[in-house]
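To keep things clear, I will list the structure first and then write my remarks on it.
Quick note: the coordinates plus some simple rules give every number you see, no bench work behind them. Just so we're clear, the structure is a prediction, and the values are computed from it rather than from any experiment. We place every Cβ from the backbone using ideal geometry, glycine too, and count neighbours over all the protein chains shown.
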Amino acid sequence: MLKITKKQRERWPRELILSEKSEELEEHLTLLNAEDRAAVERVSREVDSKIVEAARESVKELKMLEEGRCPVCSQKTRRFLFSTICEHCGWSGYSRPLHAKVVIHLRDGSALICEDVYHTPDELMCVTQDVVRYRVPRNVVAYVEFDHAEEDIRQRREQLAREEQGQCSWCMKPVARTNEETRVTFAAFGIYQERFLFCSIHCQTAFQKQYPTRIHRDCYHRDCSKCEECQKRFDDTSYETFLEEEFVH
Ligand SMILES: [Zn+2]
Ligand SMILES: [Zn+2]
Ligand SMILES: [Zn+2]
Ligand SMILES: [Zn+2]
């Protein structure tokens, strides 16, 4: 008898569906004449170019997200520990932590628990271990609760802190944005506004003494939001909000 590995079993359903479909396709193809076959080839070329187009779109989407912009409306997004949200158009992205539970509270007071939830225009798909357990019509949903393990939250904070880690622009020591001593300076030496991180106020002062910005710009002493002499690359230039924005929730 044929042995079936666990891995094969996991892949079963998808392969079953696909093999049924391709048998169907084979059957259809044998019924076609030459002219029809040419048409089929045209269709598969169209599919190819659609795939390329979709790939291009998702690269664009990623780039937009990297720049902190909404992939749908290009407005500035807000980034939280596990979610990125566009307040402007309602777009949101969510990355599920390892031990998360999602609780879908229904209008009748009952609740469904699953590992993950996917949204379609009409339904919420309640998924656990890659299986859609429930399809829940949106109109019966009261609210959705994300139950995150403390451990996941701690790990995510550490990960973000590592990603945000930079180098002191003066002494080259690594600096974390979360550190209280960390200082930031926005200044334009050329046409672009730039951001410099420092491990301490001493390094910041030393840097500013060494590299005075041109007198008419006077970046060190004035608010970037009131300056029109350089091209802005950072929306948020106040030190306090700079620290708060992504770490205090
Ligand atoms: Zn948007
Ligand atoms: Zn330093
Ligand atoms: Zn400036
Ligand atoms: Zn400026």
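Most tightly packed first, judged by the mean number of other beta-carbon atoms within 10 Å of their residues, the peptides 225-234, 185-194, 90-99 read 185-194, 90-99, 225-234. Each residue of segment 112-128 is assigned a 3J(HN,Hα), and the resulting list reads 10, 10, 8, 7, 8, 9, 10, 9, 10, x, 10, 9, 10, 9, 9, 10, 9 Hz, derived from the Karplus form 6.51 cos²θ - 1.76 cosθ + 1.60 (θ = phi - 60°), x at Gly and Pro. Over all other residues within a Cβ to Cβ distance under 9 Å of Phe82, the charged ones net out to +1, with Lys and Arg as +1 and Asp and Glu as -1. The ellipsoid that matches the Cα gyration tensor of segment 78-151 has semi-axes, each √(5λ) in whole angstrom, of 20, 17, 12, with the longest given first. Anything over 25 Å Cα to Cα? Flag those among Lys76/Lys232; Lys76/Lys101; Lys60/Lys101; Lys63/Lys226; Lys50/Lys101; Lys63/Lys101, in the order listed. Pairs exceeding the cut-off: Lys76/Lys101; Lys60/Lys101; Lys63/Lys226; Lys50/Lys101; Lys63/Lys101.
Sparsely packed loop sites in segment 47-79 (the GluC sites (Glu not before Pro) outside DSSP H, G, I, E and B with at most 14 other Cβ atoms within 10 Å) comprise Glu67. Taking a ≥ b ≥ c as the square roots of the eigenvalues of the alpha carbon gyration tensor, segment 92-195 is prolate, as a/c is not under 1.5 and a/b beats b/c.
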